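Asker: Just dropping this structure here.
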Amino acid sequence: MMQLIQPPRSTLHALAPQGLDTPDVESLTSYVCRLAHSHGITSQRLVDWVLGFFEHSVCDKYGWHQRNLSSMSAESEQWAAWLSELTGVESLDSLTLSPYRRLLGTPGLAPRSDRWCPCCFSEDKQRGEEPYLRLAWDIAPVEACLKHKVKLTSICPHCQRSNVRNRAAIVVPGYCTACGGFLGEGSAEPATPESLWTARQVGNMLAHRPQVAAEGVVPLLETIIERMADGKITCFASSYGFSKSGVWHWLRKGGLPGIKAWLTIALHGGIGLDKLFAGEVQNWAMPHQPLQLNIALSESPRAGIQSRELDWEEIRASLRLMLELPTPLSINEAGKRVGIGRKHLYLRANAEARAIADRHRRYRAASKQQHVDELRAKIEMLLDERLEAGYEGISARDIWARLDTEAQSVNGIFHHINLVISSRYG
Ligand SMILES: [Zn+2]
Ligand SMILES: [Zn+2]
């Protein structure tokens, strides 16, 4: 039976991310700005505070915006997990490109300057909502807004400066960090059909979590080469403009196609990036292929990509069962039992993870108190013995010498002894 979990209150506001599971999904950079704003502090202070909370050193010379919070890096994923842990809002890694790390190569992914769609900002504002930054704007090949059919821009219409979107200690998304002007004004150029196609592809990609696991990438690429070039690597490379060594690198050396290569595959293969990354290639037929090729393909041993993502419903159920165990588990131990790291537990099973961590925290606090109580009882007993034996005054040092070695090494042991003595005499 489904159990209701009541997770503890979150440490930071449980701010809802914008556009989750849509092509307009917010970026984590934007989320941090809005979260800081909702706490009435600067983004820089919020980031420093989070680092301090997780006992990481804060570097004064390092601006928060230099951290690339929305990227594909492990650092972005770590930030998403920390913020999920603190806000109680799960899946914040969907606001970064980190879920695509096992599929996408880095080259060509990051844009050279910060871009935005002025019409999106202006529409956010008209709807009475806080303007926010879209994750798609941080993907270099995306040069247009599909919704408004305009080119993305990177220059403030008021002060004509660039990189004024979020590179400052204080950021209000949608407003220029140099002059404070609203970035949703000014004119926007119409987008080309090619740039709209790319925007649609990437938008669909962002709206669906990738399902192909790391070990499923090579089988996926093999399927692609089979469908698109009858399994011939040389032919595949020359037909679609890849280098042969590059394709070999993907297949044998753990290399990954960059976003542009994936877009080329999607374009010529007539299949969406979302479908490719979901491993949904069983029923994929190349456009305008001779019939005989399709017949040959139906016998392919590689039909279907087996290495899919984890079953989170099942994992959540196991975690809920762990909440019933007589001895509470730590979040790390729970993670070990289901074979998933703490980071991903907070990202994908947030309520369960926080309930487990909270239960363990309370258990730890209670057992610590129990130890203290036992220690005090020991001290009381020694004190009684000494008094019965006719001693008048008694020093803390005296008592300490009579404790067993375990008790002697307790942190702040003299404090405990003095408290017991002073409660008697003081
Ligand atoms: Zn737009
Ligand atoms: Zn400006």
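Asker: Of the numbered conditions (1) of a type in the set (D, E, K, R); (2) more than 22 Å from Thr29 (Cα to Cα); (3) within 16 Å of ligand 1 (Cβ to nearest atom), Glu194 fails exactly one; give the number of that condition.
Answerer: (3)
Asker: Which residue pairs have Cβ atoms under 6 Å apart, sit 6 or more places apart or on different chains, and have a first residue in segment 115-131 that is closer than 16 Å to Val171 by Cα and open to solvent by less than 30 Å² (accessible area, probe 1.4 Å) and a second that is more than 16 Å from ligand 2 (Cβ to nearest atom) and modelled with pLDDT of 95 or more?
Answerer: Qualifying pairs under 6 Å: Arg115/Trp137; Arg115/Leu152; Trp116/Trp137; Pro131/Asp124; Pro131/Lys125.
Asker: Right, another one. In the same structural domain as Phe277 (by TED's automatic domain parsing) and either open to solvent by 10 Å² or more (accessible area, probe 1.4 Å) or closer than 30 Å to Arg348 by Cβ (or both), is that true of Glu185?
Answerer: For Glu185, the condition - in the same structural domain as Phe277 (by TED's automatic domain parsing) and either open to solvent by 10 Å² or more (accessible area, probe 1.4 Å) or closer than 30 Å to Arg348 by Cβ (or both) - is not met.
Asker: Restricting the search to segment 367-406, which residues are polar (S, T, N, Q) and outside any helix (DSSP H, G or I)?
Answerer: Ser395
Asker: Taking the criterion of being in a loop (DSSP other than H, G, I, E, B) and polar (S, T, N, Q), would at least one residue in segment 347-359 satisfy it?
Answerer: Looking through segment 347-359, none of the residues is in a loop (DSSP other than H, G, I, E, B) and polar (S, T, N, Q).
Asker: Return the only residue of Ser122, Ser70 being within 10 Å of the chain's Cα centre (by Cα) and within 20 Å of Cys145 (Cβ to Cβ).
Answerer: Exactly one residue qualifies, and that residue is Ser70.
Asker: Please name all residue pairs, on different chains or six or more residues apart, with Cβ atoms under 6 Å, provided the first residue is in segment 297-325 and is more than 30 Å from Ile225 (Cα to Cα) and the second residue is outside any helix (DSSP H, G or I) and modelled with pLDDT under 85.
Answerer: Arg320/Gln3
One line per residue, one yes/no per condition, for (1) part of a loop (DSSP other than H, G, I, E, B); (2) within 24 Å of Ala136 (Cβ to Cβ):
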residue: Ala16; (1), (2): yes, yes
residue: Asp21; (1), (2): yes, yes
residue: Val32; (1), (2): no, yes
residue: Ala36; (1), (2): no, yes
residue: Val47; (1), (2): no, yes
residue: Val50; (1), (2): no, no
residue: Ser57; (1), (2): yes, no
residue: His65; (1), (2): no, yes
residue: Ser84; (1), (2): no, yes
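So that you can scan it fast, the table gives a plain yes or no per residue for (1) within 16 Å of ligand 2 (Cβ to nearest atom); (2) modelled with pLDDT under 95:
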site	(1), (2)
Thr177	yes, no
Leu183	yes, no
Gly186	yes, yes
Thr192	no, yes
Arg200	no, no
Gly203	no, no
Ala207	no, no
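Asker: Continuing with the same structure: Here are the criteria: (1) surrounded by 16 or more Cβ atoms within 10 Å (Cβ to Cβ); (2) part of a helix (DSSP H, G or I). Tell me which single one Ile271 does not satisfy.
Answerer: Looking at each condition in turn, Ile271 falls short on (2).
Asker: Within segment 149-163, is even one residue under 17 Å from Leu273 (Cβ atoms) and not hydrophobic (A, V, I, L, M, F, W, C)?
Answerer: Looking for residues that are under 17 Å from Leu273 (Cβ atoms) and not hydrophobic (A, V, I, L, M, F, W, C), one finds none in segment 149-163, hence no.
Asker: Here's something else I'd like to know. Among what's in segment 161-186 and is within 19 Å of Ile41 (Cα to Cα) and not hydrophobic (A, V, I, L, M, F, W, C), pick the residue that is nearest to ligand 1 (Cβ to nearest atom).
Answerer: For segment 161-186, the residue satisfying everything is Gly174.
Asker: Can you work out which of the residues in segment 159-174 that are more than 23 Å from the chain's Cα centre (by Cα) and crowded, with 18+ Cβ neighbours inside 10 Å is farthest from ligand 2 (Cβ to nearest atom)?
Answerer: Checked segment 159-174; the qualifying residue farthest from ligand 2 (Cβ to nearest atom) is Gly174.
Asker: Take segment 90-132 and flag every residue that is of a type outside the set (Lys, Arg), in a loop (DSSP other than H, G, I, E, B) and within 16 Å of ligand 2 (Cβ to nearest atom).
Answerer: Ser113, Asp114, Pro131
Asker: So how many residues does segment 139-160 have that are of a type in the set (Val, Ile, Thr), within 15 Å of ligand 1 (Cβ to nearest atom) and not in a loop (DSSP other than H, G, I, E, B)?
Answerer: Matching residues across segment 139-160 total 2.
Asker: Could you please give the count of residues in segment 313-346 that are small (Gly, Ala, Ser) and assigned to a helix (DSSP H, G or I)?
Answerer: 4
The values are calculated or read from the model by the stated rules, or taken from the named source; none is laboratory data. Given the structure is predicted, the values throughout are model-derived calculations rather than measurements. As a convention, Cβ positions derive from the backbone with ideal geometry for all residues, glycine included, and neighbour counts pool all protein chains shown. Please note that ligands, DNA and RNA were not included when accessible areas were found on the heavy atoms of the full protein model with its side chains. Shrake-Rupley method; radii C 1.70, N 1.55, O 1.52, S 1.80 Å.
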